[in-house]
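Shown next, in structure tokens, is the structure this report addresses.
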2 protein chains.
Amino acid sequence: MNNRILAGTLRSWNIDQKVLLKGWVQKRRDLGGLIFIDLRDKSGLVQVVFNPSSKEALETAESVRSEFVVEIIGRVVKRDEATVNDTMETGSIEVVAEEITILNKAKNPPFQIQDETDVSEDLRLKYRYLDLRRRDLQNTFKLRHQTTQAVRNYLNEDGYLEMETPILTKSTPEGARDYLVPSRVHSGEFYALPQSPQLFKQLIMMSGFEKYYQIARCFRDEDLRADRQPEFTQIDIETSFMSSDDIMEMTEKMMQRVMKEVKNIDIQLPLQRMKYDEAMARFGSDKPDTRFAMELIHVSDILKDSSFKVFKGALESGGKVCLLNVKNEAANFSRKDIDKLTDFVKVYGAKGLAWLKVENGEVKGPIAKFLSDVEVAGIVDRANAADGDLLLFGADKTGVVYDSLGALRLKLGKELELIDEAKFNFLWVTDWPLFEYDEDAKRYFAAHHPFTMPAEEDLDKLSTDPGSVRAIAYDLVLNGYELGGGSLRIYKREQQDKMFNVLGFTKAEAEEQFGFLLDALEYGAPPHGGIALGLDRIVMLLAGRTNLRDTILFPKTASASDLLTDAPSEVSTDQLKELSINVLEKYTENREL
Amino acid sequence: MNNRILAGTLRSWNIDQKVLLKGWVQKRRDLGGLIFIDLRDKSGLVQVVFNPSSKEALETAESVRSEFVVEIIGRVVKRDEATVNDTMETGSIEVVAEEITILNKAKNPPFQIQDETDVSEDLRLKYRYLDLRRRDLQNTFKLRHQTTQAVRNYLNEDGYLEMETPILTKSTPEGARDYLVPSRVHSGEFYALPQSPQLFKQLIMMSGFEKYYQIARCFRDEDLRADRQPEFTQIDIETSFMSSDDIMEMTEKMMQRVMKEVKNIDIQLPLQRMKYDEAMARFGSDKPDTRFAMELIHVSDILKDSSFKVFKGALESGGKVCLLNVKNEAANFSRKDIDKLTDFVKVYGAKGLAWLKVENGEVKGPIAKFLSDVEVAGIVDRANAADGDLLLFGADKTGVVYDSLGALRLKLGKELELIDEAKFNFLWVTDWPLFEYDEDAKRYFAAHHPFTMPAEEDLDKLSTDPGSVRAIAYDLVLNGYELGGGSLRIYKREQQDKMFNVLGFTKAEAEEQFGFLLDALEYGAPPHGGIALGLDRIVMLLAGRTNLRDTILFPKTASASDLLTDAPSEVSTDQLKELSINVLEKYTENREL
């Protein structure tokens, strides 16, 4: 027998066929002189029975254990009605074994290969090759493959060329922290791993290619949070001669294709668009989860003459008062519960959490006595508050109100199960600020990156009032997660010079770091723009997962370690010598101890 | 007008259409009150005429220069018979401009954007974005895109999953030199950039995925030759449960698909196979160019009793005497010409180059007098030598004879134009030696890598006579270039232990460097194997180019510099401090000077 058949593909139409199977022993059970093996391969599982009519096979089967790799020849038979297993795709048949060969043995694995697992993530990462044998991870990486191919199919058909940009590049300190690579040939000099192919994709436009994409590996040496990895993958796209509307339209058609091919879900185009200011005001977030309402309700105007010192103070210092109306939950939130919510918003800089309940036609709560009847009536009316509603207030600087109520909204949305988890709500957030002001550094930073095009109507404010300048930039949001974003880019030298000037670069500094780009702008750079979407996060959301590490084949921990291979690790002094570098003494000292 | 049309797509069927074009000014000519512009975009060129009927456009057109980016509205017209240009695809029509807008200006480029260029490569690399505008480079990267997609299409249809392996990995000093990346979080420790995804793709098999591929970036910090780059791309494939024949068959079907989709050439399968020993003996090369004959002719047996001391010495020390018969070239090679060939073979370790000419039925040459009539007759007969033939001898250790005559064969094949450049000759070279002995290190090294499976019949010689053990390994050769190779891998722990033992690893050393793989072999590793093919080189051969740098978008020089961005470069001391490393003092000292 030569032609292996995949275990999980066997069905009733294979009955009476003699088959060759290869795979892993998922489970072995001995039952009344018979041995049952669930055989697993990449396609799924099938039950194999060993009986005394094939004595040698039965004997060998006795010695197999979980995760042994075996080759089995047998015949497909119909199962007895009583033993049909509807939870298995192959559950109507089984294979009666005639021969079995053990291809490789397996020690008892440190944890069982099954989907429901409560094993520590560290152990799973150390034995990643066992963890990855679980069906749900197998499926996640199939989905990742499908997603990538759907993206490629769309872009290929639309005339984009897939192109590769360098991994060994130049360090540009503006932005996140670079991973550095010492050069052996040029002693004392370093390459940097790219945080994104941003500059190269712009150079590709200046090279006349017009339509570029890459499924690109990117690197950031940042302190990691749950949804960050030192290396991640983005769908990186750049085009020439297209408007921001063109680019958004192309992107949403691509996502439509992905949703159809991967999830068989039709999404309606055009996707909803919302300006950054509106997103912040309505949802307290620049990446609103629009699967549920409970928007921020603005009541500053109603409270403009309030004597309540918390509201008064916030408004007098130029801040805002907003509230969330938690419908029908007044009775379910004790004072203690609300204290917990107060602790929660404090993380976002709020000093407290004022609240009111509407009960039996009355508005109650510790702050009620500080509010006038007119103010209460105004709030009730604006909030559309009815009996049983709980009103939670934010009163502070605008940023604090948005951040805290935005986060509180999400928390309550999840806890109160207001979110339809089957929904995929895409949203464009547009008209972003071009700059962010950093109070510590006392200077403006590029909100996106220094190559983003300012809105034409704001050009005259670039030097005079940078904080008010909008960018021609757009972020794509899905269910409250930022999938990625893009912008039109500056393509004229004078404008790029001005931009660096606002960012506090001297001419020499700009030239030193970005001279090659500035030069390129002077040799016929076309109008261009693009977008980059996080592939890992898209896969996470499409696979219905919550941990980004489950979407990356060999992920790193929060301290950027690979627990499987034990990277990073020490290297030989010879290696360092060749690179003309030393490890600082205190670390080599520690090492000797 | 909103819908831009691509310049190079305009044909006679567009006549009378009003069109919107965007692109670069390739050339401007003024002629009798008219201005002609060749407008270039990613699709090609079209001629645009400005005449006095659109006065404003004519005036603007006067100010444009080469590489200006412009937008033109005009009408497509038939060209006069006299001005039809058959060398241009759009040569039967031209566009009469009505409006022109300058989108961006361009300084006078440092070299002209044209296919035939004698500009220095350094200047082209510094202004890579200009160089890439040339039609032949544009076409090369289109071909690269097509090649990649053809590979993906084939593998996707065959059930392979595209998967991403880490770039930040563990340093494993066995093999070429690693690029290292200092870790900030784990002071004194380093990641390494992968020389190939070898270990990870084996772990993917141990994870039960069975069919993996990746268009993978790889890194080697080696001193560069013309056809090497510090980062390069390989088509990386691994499968479980397949034989070496299966893998070769899959690979050649994939290459058949590539040749069809990219070059529209049908290649016949199965591809020719040749054992390593045969390739060396017949062509003096482990990657023979089979587009022409002129094989090595073995004459050691004929000369076994020769008194000529060069031949005698070679044979007595266990070496060989071989020759090339350069047909009909005796008259064209003067003694001086042959001296040059002698210098050439000396590079390969040969001490000289004995030769004979057959002229007027006589065998002549400085060594003729040292050979007996029987020997001469034997040589003439074996070499099938006829009047006008030149015989070039190699007599030395076998390796030197093969290397020098193999190289000489290639040189003469090119210079004498014996090679049909239109041919694509694929060839499998199989049955490689498993080990190479290093005289300096006095130990065996893995010829391929330490995970290669030995041939079953040679297993018992693994400890006793490693030099004679063959590997289950195969290389794919095209026109004398190695496209890549693969092997079955060791999948049993005991065998891998033995392998490391032969390679001189202590148990502790093997455990320290490859412990994770050794562990994985004990938890149900399936039989597996794969292949890796160099994408850059495939593209080079398919595009008919000779310089690997022309196939890489932003390549590095022989000293691993990126002349465009000026990488590598110095970084700030703050950056180094965060990474807990120092540049060795002598280099920082030099820097201050």
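For B:LYS414 and B:ASN547, the difference between the fully extended length at 0.36 nm per residue and the C-alpha to C-alpha distance is 46.2 nm. Look at the stretch A:132-138: the mean tally of other chain Cβ atoms within 10 Å of its residues' Cβ atoms is 3.
The calculated P(r) of the stretch B:1-88, using every Cα pair and 5 Å bins from 0, goes 3, 13, 26, 28, 21, 8, 1 in percent.
Across the identical copies, the label point of A:GLN114 (7 Å from Cα in the Cβ direction) is separated from its matches by 7.5 nm, in order from shortest. In the protein assembly as shown, helical runs assigned H by DSSP with n ≥ 4 each contribute -39500 (n - 2.57); averaged across all residues and rounded to the nearest 500, the mean residue ellipticity at 222 nm is -9000 deg cm²/dmol. When the charge dipole of chain A is built from unit charges on Cβ atoms (+1 for Lys and Arg, -1 for Asp and Glu) and taken about the Cα centre, the candidate among A:THR565, A:LEU405, A:PRO450 whose Cα reaches farthest toward its positive end is A:THR565.
Once you reduce the stretch B:247-318 and the stretch B:39-78 to the center of their Cα atoms, the two points are 56 Å from each other. In this entry, the stretch A:141-220 is assigned a mean projected area of 7.0 nm², taken as a quarter of its C-alpha convex hull surface. Ordered from highest to lowest accessible area with the whole protein assembly present and a 1.4 Å probe, A:ARG493, B:ARG65, A:ARG128 read as B:ARG65, A:ARG493, A:ARG128.
Averaged over peptide B:157-165, the number of partner chain Cβ atoms lying within 10 Å of each residue's Cβ comes to 5. Each Lys and Arg Cβ is given +1 and each Asp and Glu Cβ -1; about its Cα centre, the stretch B:10-116 then shows a dipole of about 240 debye. Taking 21 Å as the straight-line reach from the Cα of A:LYS577, the lysines in range (excluding those fewer than 8 positions away in the same chain) are A:LYS586, B:LYS170, B:LYS577, B:LYS586. With R₀ fixed at 45 Å, the C-beta to C-beta distance from B:LYS492 to A:ARG228 puts the FRET efficiency at about 0.70. In this label model, B:GLU509 and B:ASN139 are separated by 5.2 nm, measuring between points 7 Å along each Cα→Cβ vector. Beta bridges assigned by DSSP with both partners in the protein assembly as shown are antiparallel in approximately 90 percent of cases. For chain B, the share of alpha carbon pairs falling in successive 20 Å distance bins from zero is 16, 38, 33, 12, 1 percent.
Accessible surface for B:TYR212 stands near 0 Å², nearest 10, in the context of the full protein assembly shown (1.4 Å probe). With all pairs of different C-alpha atoms in the average, the Kirkwood value for the hydrodynamic radius of the stretch B:252-330 is 15.7 Å. Full extension of the chain segment joining B:SER12 with B:THR101 gains 29.5 nm, where the gain is 0.36 nm per residue of separation less the Cα-Cα distance. Dividing the mean sequence gap of close Cα pairs (under 8 Å, 6+ apart) by how many residues the stretch B:158-224 holds gives a relative contact order of 39 percent. Protein-only accessible surface at a 1.4 angstrom probe places the residues A:SER120, A:SER487, A:SER43 in the order A:SER120, A:SER43, A:SER487, largest first. Between copies, the label points at B:LYS336 (set 7 angstrom from Cα along Cα-to-Cβ) are spaced 10.6 nm, reported in nanometres from shortest to longest.
Compared with its chain on its own, the stretch A:32-70 contains the following residues whose accessible area drops by 30 Å² or more in the full protein assembly (probe 1.4 Å; ligands, DNA and RNA excluded): A:LYS42, A:VAL69. At what distance in nm do the modelled label points of A:LYS260 and A:ASN360 sit from each other, each positioned 7 Å from its Cα along Cα→Cβ? Between A:LYS260 and A:ASN360, the label points sit 5.9 nm apart. Quick check on my link table: of A:LYS336/A:LYS414; A:LYS78/A:LYS263; B:LYS211/B:LYS461; A:LYS304/A:LYS357, which ones sit more than 29 Å apart, alpha carbon to alpha carbon? Table pairs above 29 Å Cα-Cα are A:LYS78/A:LYS263; B:LYS211/B:LYS461. Each part reduced to its alpha carbon centroid, the stretch B:372-434 and the stretch A:383-451 end up 76 Å apart. Centre-to-centre separation between the Cα atoms of the stretch A:119-137 and those of the stretch B:97-146: 50 Å. Run the accessible area of the protein assembly as shown with a 1.4 Å probe and give the carbon-and-sulfur part as a rounded percent. Exposed carbon and sulfur together represent 46 percent of the surface. In nm, what is the difference between 0.36 nm times the number of residues separating A:VAL347 and A:GLU316 and their Cα-Cα distance? Result for the pair: 8.8 nm of gain on full extension. With R₀ fixed at 25 Å, the C-beta to C-beta distance from B:GLU522 to B:LYS253 puts the FRET efficiency at about 0.15. In the assembly of identical copies, B:ALA386 has its label point, taken 7 Å from Cα in the direction of the beta carbon, separated from the corresponding points by 10.5 nm (ascending, one decimal). A simple packing score, the average count of other Cβ atoms within 10 Å per residue, orders the peptides B:495-502, A:90-97, B:9-16, A:192-199 as A:192-199, A:90-97, B:495-502, B:9-16, with the highest score first. Leaving ligands and nucleic acids aside, the B/A contact buries around 10600 square angstrom of accessible area in total at a 1.4 Å probe radius. Heavy-atom accessible surface of A:ASP550, to the nearest 10 Å², is about 20 Å², with a 1.4 Å probe and all protein chains retained. Remark: the stretch A:341-405 carries 47 Å² of accessible area per residue (probe radius 1.4 Å; ligands, DNA and RNA excluded).
If you plug the beta carbon distance of B:ALA176 and A:MET1 into 1/(1 + (r/R0)^6) with R0 = 56 Å, you get a FRET efficiency near 0.85. Shielding by partners for peptide A:241-249, expressed as the average number of C-beta atoms from other protein chains within 10 Å of each residue's C-beta, is 1. The largest accessible area among B:LEU296, B:LEU584 belongs to the first residue in B:LEU584, B:LEU296, and the rest follow in falling order (1.4 Å probe, all chains). Heavy-atom accessible area for B:PHE514, with the other protein chains in place and a 1.4 Å probe, reaches approximately 10 Å². Per the Debye formula on identical point scatterers at the alpha carbon atoms of the stretch A:71-124, with no solvent, log10 I(q)/I(0) at q = 0.19, 0.24 Å⁻¹ is -0.90, -0.94.
The values are calculated or read from the model by the stated rules, or taken from the named source; none is laboratory data. Bear in mind that the values here come from a model prediction, so they are computed numbers and not experimental data. Backbone-built Cβ (ideal geometry, glycine too); neighbour counts: all protein chains shown. Surface accessibility is based on the protein's heavy atoms, side chains included, excluding ligands, DNA and RNA. Shrake-Rupley method; radii C 1.70, N 1.55, O 1.52, S 1.80 Å.
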